[in-house]
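Report on the following structure.
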Amino acid sequence: MREKYGLLPLAHPKTFSYLQDPSQWIPWYRRLVWGCPHPSETGALDSKIQTQRFRFLVIPTPGHSDDHICLYEPNEAWLFSGDLFISEQVKYLREDEDIYSIIDSLKKVAALHPKKMFCSFSGSIDNPLDAIDKKIEYLENLQQKIEEGFHQGLSPREIQWRLLGRGDWLGFVTVGEICKKNLINAYLKPKRG
């Protein structure tokens with residue numbers, strides 16, 4: 001964007017370090033599929049972005065990554081959710097994602113009462129509050145079932161098989177970076193902060 005359009009992308013302060021040398025953190029399978037971006041320069045992202053017609057509030061929403069943000073246009077009640085929402089029910093998680101922060105971030109954006117959500121995976125969602133509430137309910141119910149299985153003495157693998165099924169093609173392709181096991185294990189870790 002900088003070279004082609006003369007625009008300096010704005011980003012969360014933590015994103016700056018990630019973009020200085022992307023090859024240090026991008027797993028091999030992502031490099032194989034999408035390539036590895038060149039080091040990039042970014043500008044500091046403020047608490048809002050003002051355009052000629054719209055004002056977007058920058059909402060920190062950690063969980064998917066520690067630098068994840070959403071954009072919210074309060075006059076239109078539009079939520080640009082990036083990778084926070086993905087879908088109402090997930091079976092896979094990256095090993096570095098924080099499930100408790102994801103739930104907290106979902107509750108934070110639900111409190112905004114968005115009327116339309118633009119998700120990087122699911123596209124445009126016309127009833128976002130209902131979809132977000134369903135995802136929160138799903139994740140909290142999953143937590144309860146995982147904890148029950150753990151207290152019954154089940155192994156994480158047995159819990160995974162009961163709740164998410166045995167197959168894990170994505171875990172195979174990503175060599176475990178994105179897999180069902182990570183979703184189970186995320187709930188067994190102590191809550192951060």
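Read the figures in this text as sums done on the coordinates, not as results from a lab. Just so it is clear, the structure is predicted and the values come from calculations on it, not from any experiment. Methodologically, a virtual Cβ is constructed for each residue, glycine included, from the backbone with ideal geometry; neighbour enumeration extends over all protein chains shown.
Using 0.36 nm per residue and subtracting the Cα-Cα separation, the extra length available between K107 and E158 on full extension is 15.4 nm. If you find the alpha carbon centre of region 149-185 and of region 60-119, how far apart are they in angstrom? Cα centroid to Cα centroid, the span is 23 Å. If you wrap region 1-45 in the convex hull of its Cα atoms and look at it from every side, the mean projected area works out to 3.3 nm².
Anything over 25 Å Cα to Cα? Flag those among K48/K134; K14/K107; K135/K181; K116/K180, in the order listed. Intermediate results must be reported in sequence, preceding the final value.
On the way: K48/K134 28 Å; K14/K107 23 Å; K135/K181 19 Å; K116/K180 29 Å.
Over 25 Å Cα-Cα: K48/K134; K116/K180.
Just check region 81-193 against the gyration tensor rule for me: Cα atoms, a ≥ b ≥ c as the square roots of the eigenvalues, rounded for a/c under 1.5, and otherwise prolate or oblate depending on whether a/b exceeds b/c. Taking the square roots of the gyration eigenvalues as a ≥ b ≥ c, region 81-193 is prolate. When DSSP beta bridges are restricted to pairs lying wholly in the chain, around 70% turn out antiparallel.
Net length available on complete extension from S47 to L170 is 40.7 nm, with 0.36 nm assigned per residue and the Cα-Cα distance removed. Hydrodynamic radius of region 1-92 by the Kirkwood approach over all distinct alpha-carbon pairs: 15.1 Å.
What longest region of the chain stays clear of chymotrypsin sites (Phe, Trp or Tyr not before Pro) that DSSP places outside H, G, I, E and B and that have at most 16 other Cβ atoms within 10 Å? Write out the running numbers ahead of the final one.
On the way: sites that count: W25, F54, F121.
Longest site-free region, per DSSP loop and neighbour criteria: 122-193.
Close amide H pairs (under 5 Å, H built 1.01 Å from N) link D67 with no residue at least 5 positions away or on another chain.
Provide the net charge surrounding W25, with neighbours chosen by a C-beta distance below 15 Å and charges set as Lys +1, Arg +1, Asp -1, Glu -1. Walk me through the intermediate numbers first.
On the way: positive: K14, R30, R31, R94; negative: D21, D66, D67, E95, D96, E97, E177.
Counting the neighbours of W25, the net charge comes to -3.
Hey, in the GNM for the chain with a 10 angstrom Cα cutoff, which one of E97, E148, E88 fluctuates hardest? Maximum fluctuation in the GNM of the chain, among the listed residues, is at E148.
On the principal axes of its alpha carbon atoms, region 42-100 extends 40, 26, 17 Å, with the longest extent given first.
The string of couplings for region 74-83 from the Karplus curve (6.51, -1.76, 1.60, θ = phi - 60°) is x, 5, 9, 6, 9, 10, 9, 8, x, 9 Hz, one whole number per residue in order, with x for Gly and Pro.
For region 108-159, what number results from the quotient of the Cα radius of gyration and 2.2 N^0.38 Å?
Numbers: Rg = 15.3 Å, N = 52, 2.2 N^0.38 = 9.9 Å.
Normalised by 2.2 N^0.38 Å, the Cα Rg of region 108-159 equals 1.55.
Could you work out the relative contact order of region 1-125, using alpha carbon pairs under 8 angstrom and six or more residues apart, expressed as a whole percent? Please list the in-between numbers first.
Working: 188 pairs, mean separation 24.6, N = 125.
Rounded, it is 20 percent for region 1-125.
Counting every pair of alpha carbons in the chain, the share spaced more than 29 Å apart comes to 30 percent.
Summarising the amide proton neighbourhood of S40: residues at separation of 5 or more, or on other chains, whose placed amide H is nearer than 5 Å comprise Q20. Calculated on the Cα set of region 134-193, radius of gyration then Dmax: 11.8, 33 Å. Taking amide hydrogens as placed 1.01 Å from N in the peptide plane, the amide H of D168 sits under 5 Å from that of no residue at least 5 positions away in sequence or on another chain.
Note: relative contact order over region 103-193, using C-alpha pairs below 8 Å and six or more positions apart, is 18 percent.
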